[in-house]
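*Asks:* Mind having a look at this structure? Questions to follow.
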Amino acid sequence: MKYFIETYGCQMNKYDSELVAGILEGAGYCPSLRPEDADVILVNTCSVRQHAEQRVLQRLNSFKALKLERPDLKIGVLGCMAQRLGEKILVEKPFIDFVIGPDSYRNILQVLNGVHSEQRESSPKIFLNEYESKETYADVCPVRVRGVNAWVAVMRGCNNYCTYCIVPYVRGRERSRSAQNVIEEIRRLVDEGFVEVTLLGQNVNSYWDGEHDFADLLAMVAKVEGIERVRFATSHPKDLSEKLVRVIAENEKICNHIHLPVQSGSTRILQLMNRHYSREDFLAKVEMIRKYLNPVGLTTDIIVGFPGEEEDDFRQTVELVREVEFDSAFVFKYSPRPGTRAAQFDDMVSAAEKTRRLEEINTLQKEITKSKNRQLIGQRGVILVEGRSKKSETDVMGRLETNKIVVIPNTILPKGKLVEVTIVGADGVTLFGRVNHQN
Ligand code: SAH
Ligand code: SF4
Ligand code: F3S
């Protein structure tokens, strides 16, 4: 039997697809590179914005044709949309065979056996998360594509209930894996040839396994022999501690890159978002980070057009972007998610206005990224080689510890090696480098 998984959404979802692959391959399923060749098609979905859901729904429709050609083909919807919509998916799209939420993947073999059996009508087709699920898949071995970086979820769920966000509803309550268990997985990764790990959680800064906090965990991971670099995402500004930043500063292997979503530069809007920090709190965290870490890559997420966002609030976000000078920013138009608190707020911002605000920040951020990258010309840095550059077969690409991409034209370097380079050029977001000759 062959399976094909297509994944939408965040890195956590990509990791989850690797877990599902682990469960399936443990039972003898083989991966298929194309949906056309698969006996089972799985779509791991995202609900974070309406646009993400629409993309999935369109894609599902395109699989319908395959199902008509091959009635034995099984199609399953996994992930956040599966949890949010549940049975509705089966009602609206009868060619879908089953729906499984993010904490229920252990049931996938039972579901597949059911849909293939004689009693297929009576076997379960929907498995949603249990109330207050404690699932961490600690004993499941994810199947990863061999490479340089591996993702490791160290916690699941979210307790923060930012008023715009669907994640706490679809991913359940926050829970952490034990540090010991995380370290065991990372040792296995070294054996498989990985040299970089990215620890994942919706808010890694609230990691707690009863004994270790996230700073402790990072320090432990950095000590695992064979690991050259440790990254992590995402940090909620309210929980980013000085202890954590110190641990990053003290450990060469922990990368000086912090993804710190600010969401808005207006304290009033931050309150409406239930973010538990003010504009000033955020700026103080940035100052603290820059006191300890130099250089540091600082990236962020911003939502424009949150309900009630006035021109003055938006200007405060623009000013904050100017002041902080992030290395890059993901800017999103607010998208109301059914069931969240903000979806019931008044004063929705018009679509045209959201677009204008999005474009203004993107234009500003592009300028900042460009000018910050230009300042790097002439400086030295170490990249971890990831492979060929996307644009050219003869170029190599790697990342600085700040997460900036450096392209080295016309060269051959082994994947997974740390190489010292000098930055010789900058073109928008991409840096160009030359390999320094080692003595
Ligand atoms: N747990 C992470 C990321 C969650 S989702 C965190 O707390 O930062 C990733 C990003 O999507 C968020 O940072 C936010 O900027 C954006 N996002 C979440 N819900 C959204 C919504 N309803 N509309 C627009 N953007 C949203
Ligand atoms: Fe969503 Fe907020 Fe949790 Fe991030 S911290 S996943 S934005 S509720
Ligand atoms: Fe990730 Fe999207 Fe779910 S961002 S947690 S896959 S809603």
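Any read-out appearing in this document is the output of simple, stated calculations on the displayed coordinates, not a laboratory observation. In this text, all values refer to a predicted model and were calculated from it rather than measured experimentally. Neighbour counts run over all protein chains shown; Cβ positions are idealised from the backbone, glycine included.
*Asks:* Report the FRET efficiency, 1/(1 + (r/R0)^6), for E280 and Q379, where r is their Cβ-Cβ distance and R0 is 35 Å, rounded to 0.05.
*Replies:* Numbers: r = 32 Å, r/R0 = 0.91.
Taking R0 as 35 Å, the efficiency between E280 and Q379 is 0.65.
*Asks:* Something else about it: With the chain treated as a Gaussian network of Cα nodes joined by springs under 10 Å, which of E196, E53, E360 yields the largest mean-square fluctuation?
*Replies:* Comparing E196, E53, E360 in a Gaussian network model of the chain, the most mobile one is E360.
*Asks:* Using the Cα centre as the reference, give the magnitude of the dipole from point charges on the C-beta atoms of segment 2-127 (Lys, Arg: +1; Asp, Glu: -1; all else neutral), rounded to the nearest 20 debye. Walk me through the numbers on the way to the answer.
*Replies:* On the way: 16 positive and 16 negative charges, 72 e Å.
Result for segment 2-127 is approximately 340 debye, rounded to the nearest 20.
*Asks:* Please give the charge dipole size of the chain, origin at the Cα centre, charges +1 on K and R Cβ atoms and -1 on D and E Cβ atoms. Round to the nearest 20 debye. Kindly include the intermediate steps, with their values, before the conclusion.
*Replies:* Details: 60 positive and 61 negative charges, 151 e Å.
My answer is approximately 720 debye.
*Asks:* I need two numbers for segment 295-377: Rg to one decimal and Dmax as a whole number, Cα atoms only, in Å.
*Replies:* Here Rg and the maximum Cα pair distance are 14.4, 49 Å.
*Asks:* Do any cysteines of the chain lack a neighbour Cys whose Cβ is under 4.7 Å away, and which are they?
*Replies:* C10, C30, C46, C80, C141, C158, C255
*Asks:* How high is the FRET efficiency from F330 to E69, r the C-beta distance, R0 35 Å, rounded to 0.05?
*Replies:* FRET efficiency, F330 to E69: 0.35.
*Asks:* Turning to a different aspect of this structure: Between A249 and R290, how many nm apart are label points set 7 Å from Cα along the C-beta direction?
*Replies:* The modelled label-to-label distance comes out at 1.5 nm.
*Asks:* When only C-alpha pairs under 8 Å and at least 6 residues apart count, what is the relative contact order of the chain, in percent?
*Replies:* Contact order relative to length: 10 percent.
*Asks:* Right, here's the next one. I'd like the Karplus ³J(HN,Hα) series for segment 96-101: coefficients 6.51, -1.76, 1.60, θ = phi - 60°, whole numbers in Hz, and an x wherever there's a Gly or Pro.
*Replies:* So the J values, rounded to whole Hz, are 7, 8, 7, 9, 9, x.
*Asks:* Using a Gaussian network model on the chain with a 10 Å cutoff between Cα atoms, which of P168, P409, P102 fluctuates the most?
*Replies:* It is P409.
*Asks:* I want to verify the translational diffusion coefficient of segment 149-373 in µm²/s; compute it with Stokes-Einstein, Rh as the Kirkwood radius over Cα pairs, at 37 °C and 0.692 mPa s.
*Replies:* 177 µm²/s
*Asks:* For segment 1-64, evaluate the Debye formula with one uniform point scatterer on each Cα (no solvent term) and list log10 I(q)/I(0) at q = 0.15, 0.26 Å⁻¹, rounded to two decimals.
*Replies:* Here the Debye-derived log intensity ratios amount to -0.48, -1.12.
*Asks:* Rounded to two decimals, what is the ratio between the C-alpha radius of gyration of segment 39-88 and 2.2 N^0.38 Å?
*Replies:* The value comes to 1.16.
*Asks:* Work out the FRET efficiency for K2 and E92 from their Cβ-Cβ distance, taking R0 = 30 Å, and round it to the nearest 0.05.
*Replies:* On the way: r = 27 Å, r/R0 = 0.90.
According to the calculation, E is roughly 0.65.
*Asks:* Just to be sure I understand the rule: take each whole DSSP H helix in the chain, project its Cα atoms onto its long axis, keep it if the span is 24 Å or more and its mean Kyte-Doolittle hydropathy is at least -1.0. Which ones pass? Don't skip to the end; give the middle numbers.
*Replies:* Values: long enough: 50-69 (30 Å, -0.80); 351-374 (34 Å, -1.51).
Taking the DSSP H segments of the chain (at least 24 Å long, mean hydropathy at least -1.0), we get 50-69.
*Asks:* Rounded to a whole number of µm²/s, how large is the Stokes-Einstein D of the chain at 37 °C and 0.692 mPa s, given Rh as the Kirkwood radius over C-alpha pairs?
*Replies:* Details: Rh = 23.3 Å.
Rounded, D is 141 µm²/s.
*Asks:* Which of the listed residues, Q375, G387, L364, is farthest toward the dipole's positive end in segment 330-439, when Lys, Arg count +1 and Asp, Glu count -1 at the beta-carbon?
*Replies:* Of the listed residues, the answer is G387.
*Asks:* Determine one quarter of the surface area of the Cα convex hull of segment 181-247, which equals its mean projected area, and express it in nm² to one decimal.
*Replies:* On the way: hull surface 17.7 nm².
Seen from a random direction, the Cα hull of segment 181-247 projects 4.4 nm² on average.
*Asks:* Let me ask something else. On a full-extension model of 0.36 nm per residue, what is the gain between E359 and R106, subtracting their alpha-carbon distance, rounded to one decimal in nm? Please report the intermediate quantities before stating the final value.
*Replies:* Details: separation 253, 0.36 × 253 = 91.08 nm, distance 4.28 nm.
Full-extension gain reported as 86.8 nm.
*Asks:* Name the residues whose placed amide hydrogens come within less than 5 Å of the amide hydrogen of A426, ignoring near sequence neighbours (fewer than 5 apart) on the same chain.
*Replies:* So A426 has HN proximity to F432.
*Asks:* Taking the Cβ of each residue in V195, V385 as the centre, tally the other Cβ atoms inside 10 Å and list the residues starting with the fewest.
*Replies:* Values: V195 20, V385 23.
Fewest-to-most ranking of V195, V385: V195, V385.
*Asks:* Something else about it: Report D for segment 2-127 in µm² per second (integer): Stokes-Einstein, Kirkwood Rh on Cα pairs, 4 °C, 1.567 mPa s.
*Replies:* Values: Rh = 14.4 Å.
It comes out at roughly 90 µm²/s.
*Asks:* In whole Å, what are the extents of segment 288-431 along the principal axes defined by its C-alpha atoms, from largest to smallest?
*Replies:* Sorted largest first, the three principal extents are 56, 32, 24 Å.
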